[in-house]
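What follows is a short report on a single structure.
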Amino acid sequence: MAVTQDKLLLFKSHDCSRGLSDEELTEISDAAELVQYDSDEYLHRSNQPMTSVYFIVHGRFKQAVVDLHGNTILQRYLTRGSQFGALGAAQADPVPVDVVALEPSAALKLDFETTLQFTRKIETFGLNLTQSITNMVRQALLADRKPKQPSLVTVFHESSTSRRLTRNLIGRLLELGESPCVMSDQSNWEEIENVGFHKLPAEGKFLARDDVRRQINLWSDSSRIIMDVDASVDPSVAAMLVEFSEQIVWCTSSNDSETSVGRLNAIEARSPGWRDKINLAWMLDQGEQVAPFAFKLDHLVDRDFKIYSSPLEPGQSPTLLDGFERLVHQLRGVRIGLALGGGGARGMAHLGVLKVLEENGIVVDMIAGTSVGAMTGILYSAGLDAGHLTERFAEDLRPARIFRMLPRGNDWYLMYKYRRNKFNQMLRKYLFDWTLEQLPVPVESVTVDLVLGKPVVRQRGDAVDCILESINLPVISTPICRSGKTLVDGGLVNNIPADELVRRGCNFVIAVSVTAHMAAEFASNRPDTPTDQMKTPSALQTILRSYLVQSVNMNSVGIQPADVVIEPNVSDVELSDFSRTKELAETGKRAAQEAIPKIKSLLAQLDPQLFPNHQPNG
């Protein structure tokens, strides 16, 4: 009887049960077999026939399509609510798909003929299964980026000071129309109106595995279940909660980071596959603009979020306060990426774009930049205000008087900045010795390794070094030789890295191109200039123009998956003319303001509750 009841509760948690009556749910679940899998156990091996349909009700499986040589050519993950086998069982030939459990998992198994009978008998079940197949095909073959929301989330707390985060998350989810339920080990938990609650400890002991699972199944109609626990719980209990959960939020601070390493290592030892669903929430104290450097901890989690709540200081960006909302994005299955392209001084237009996105409440979850896009993106990701950066760049990059007196002085000043290592000195004033991992907004930079002839995408490491590698213009500067690589400007191969953001899981990408437009004039030569009146450009002019031509032609490489492309028209500005920084930022603002209605409309389609399509500011 207990197994039958468990099957019913488990099936009620599956997407294919939507809209079914209690009688229909009972009939299908009675006919199904509950199959449990240990980590690394196969649900199906490639080139074996399929005779059953599996409804995933617990855990995670990796599904991999393999070729004749056993190489993986397509991969996706099956979590609670997914199904496997409805397509494969319909054909007589063996299916070239491996499905293996990444952690202890369970599925309800129906033989194919019985499944067909239920689809004919129960119309709603047939429609649900058809929708499940459609979603699978869309995600696997059409690279669909529809948000996937984790239905069960556990928040671990190293300190009682972070307990407020759980309540804030619940409050935000209620605002978004969700109906969350909570299980907590807090003895003094204050219940929240319209939020189901269940205590995790009972009679001084933590609930047993079956009791936790049964409560989860009883709340199968809830849009979200949140478990709220102290990180000091017994390691076996922590592992159980991680196993049950689709996402983990592990709250820590600079004082607790070493303790977190030990506890997460214990979890990692039980199942290395759990790392990709563990998120770190850094609770930053007063005066901490960036997270502590924590190499060991960084490698135990998939993502991190910096929760900054101190008052902003002059020059700091409001983006510092967006860590909580980025965490909400994660729970809603949304990840907004911003790709900033290369283009020398023209990239100062990025600062205006950043300011407008910020003013319109568009919280960016991740930034990728090439060349000057890496420079502006990394500085902004460090929590520096875009308006403040505009003022600082206008001063820092203004040529000295001697260069202003020279013909083509901007070009010579740019070479001087490179050859005398002045960019390093300038950037250290703002970024000190911070690493990319420590910055409030996740960011990556693109450079090129001339040894292998391939792009190198930096996601960690010294922030200034990452900028210097990405802006390192060939010929004007010498290559940077480091760790077996010879590194130059990333614009050689990927000038606008929107594709990198999609690869990192972004399902909405805004790209900014400052090289979309190029004036048909070079060294005073135009298409209609007579041969005898044409002027021979200098070598330095030619190098900079060649870089611009390459950037224009390379724009299409990485930009293709972008949902919105902002293209400030800065074609009249030379790549070395940083003296026009403020003007360029204003051009960026105007271009971004024109794009805001489209951005908001598309975001509203992605998640109407999270992004109501209201009129843009101003």
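Quick notes on this structure:
- Charge-dipole axis of the chain as Lys and Arg at +1 and Asp and Glu at -1 on Cβ define it, positive-most pick from Met405, Pro612, Trp282: Met405
- Euclidean distance of C-alpha centroids, the stretch 435-470 and the stretch 295-332, integer Å: 20 Å
- Solvent exposure of the chain amounts to 43 Å² per residue of accessible area, where only protein heavy atoms count and the probe is 1.4 Å.
- Where trypsin sites (Lys or Arg not before Pro) in DSSP loops with at most 11 other Cβ within 10 Å are excluded, longest remaining stretch of the chain: 1-419
- Sparse-neighbourhood loop sites, chymotrypsin sites (Phe, Trp or Tyr not before Pro) in the stretch 230-323 - DSSP loop, at most 14 other Cβ within 10 angstrom: Phe293
- Relative contact order %, the stretch 286-356, counting alpha carbon pairs below 8 Å whose residues are six or more apart: 23 percent
- Total charge dipole magnitude, the stretch 383-507, about the Cα centre, Cβ charges on Lys, Arg, Asp, Glu only, Debye to nearest 20: 500 debye
- Ranking Ser524, Ser271 from most to least accessible surface, computed with a 1.4 Å probe over the protein chains only, gives Ser524, Ser271.
- In this view, the solvent-accessible surface of Met283, computed with a 1.4 Å probe and all protein chains in place, comes to about 40 Å².
- About its Cα centre, the stretch 1-120 has a charge dipole of approximately 340 debye under the convention of +1 per Lys or Arg Cβ and -1 per Asp or Glu Cβ, with nothing else charged.
- Values of log10 I(q)/I(0) for the stretch 9-79 across q = 0.11, 0.24, 0.28 Å⁻¹ run -0.37, -1.19, -1.38, by the Debye formula with one identical scatterer at each alpha carbon and no solvent.
- Cα-Cα over 19 Å, subset of Lys355/Lys600; Lys277/Lys306; Lys12/Lys109; Lys422/Lys485: Lys422/Lys485
- When only Cα pairs below 8 angstrom with a gap of at least 6 residues are kept, the chain shows a relative contact order of 12 percent.
- Glu500, Glu103, Glu33, ranked by accessible area, largest first (probe 1.4 Å): Glu33, Glu500, Glu103
- Carbon and sulfur %, accessible surface of the chain computed with the full protein complex present, 1.4 Å: 49 percent
- With the whole protein complex present, Ser52 retains an accessible surface near 10 Å², based on a 1.4 Å probe.
- Sparse packing (at most 14 other Cβ atoms within 10 Å of the Cβ) combined with a DSSP loop state is found for the following chymotrypsin sites (Phe, Trp or Tyr not before Pro) in the stretch 398-437: Phe432.
- Using R0 = 56 Å, the C-beta based FRET efficiency linking Lys62 and Gln533 works out to 0.25.
- The modelled label-to-label distance for the pair Phe112/Val475, using points 7 Å beyond Cα in the direction of Cβ, is 6.3 nm.
- Farthest positive-ward along the stretch 203-341 dipole, Cα basis, beta-carbon charges - from Met240, Leu321, Phe293: Met240
- Cα-based helix-to-principal-axis angle, 422-431 vs the chain, degrees rounded to 10: 40 degrees
- The chain shape via C-alpha gyration tensor axes, a/c threshold 1.5: prolate
- Rounded to the nearest 10 degrees, the angle from helix 112-121 to the longest Cα principal axis of the chain is 90 degrees.
- Note: relative contact order over the stretch 441-525, using C-alpha pairs below 8 Å and six or more positions apart, is 26 percent.
- D_trans [Stokes-Einstein, Kirkwood Rh over alpha-carbon pairs] for the stretch 158-216, 4 °C, 1.567 mPa s, µm² s⁻¹: 102 µm²/s
- Cα-based shape type of the stretch 39-121, given that a ≥ b ≥ c are square roots of the gyration tensor eigenvalues and the cut on a/c is 1.5: oblate
- Inter-part distance where the stretch 335-359 and the stretch 377-434 are each reduced to a Cα centre, Å: 17 Å
- Exposure rank, largest accessible area first [Leu20, Leu338; 1.4 Å]: Leu20, Leu338
- Antiparallel %, DSSP beta bridges [both residues in the chain], to 5: 50 percent
- Using only side-chain charges placed at the Cβ, +1 for Lys and Arg and -1 for Asp and Glu, the dipole size of the chain relative to its Cα centre rounds to 1900 debye.
The values are calculated or read from the model by the stated rules, or taken from the named source; none is laboratory data. Treat the numbers as computed from the prediction; the structure is a model and nothing was measured. Cβ sites come from the backbone with ideal geometry, for glycine too, and all protein chains shown count toward neighbours. Keep in mind that these areas ignore ligands, DNA and RNA; they rest on the heavy atoms of the full protein, side chains included. Shrake-Rupley method; radii C 1.70, N 1.55, O 1.52, S 1.80 Å.
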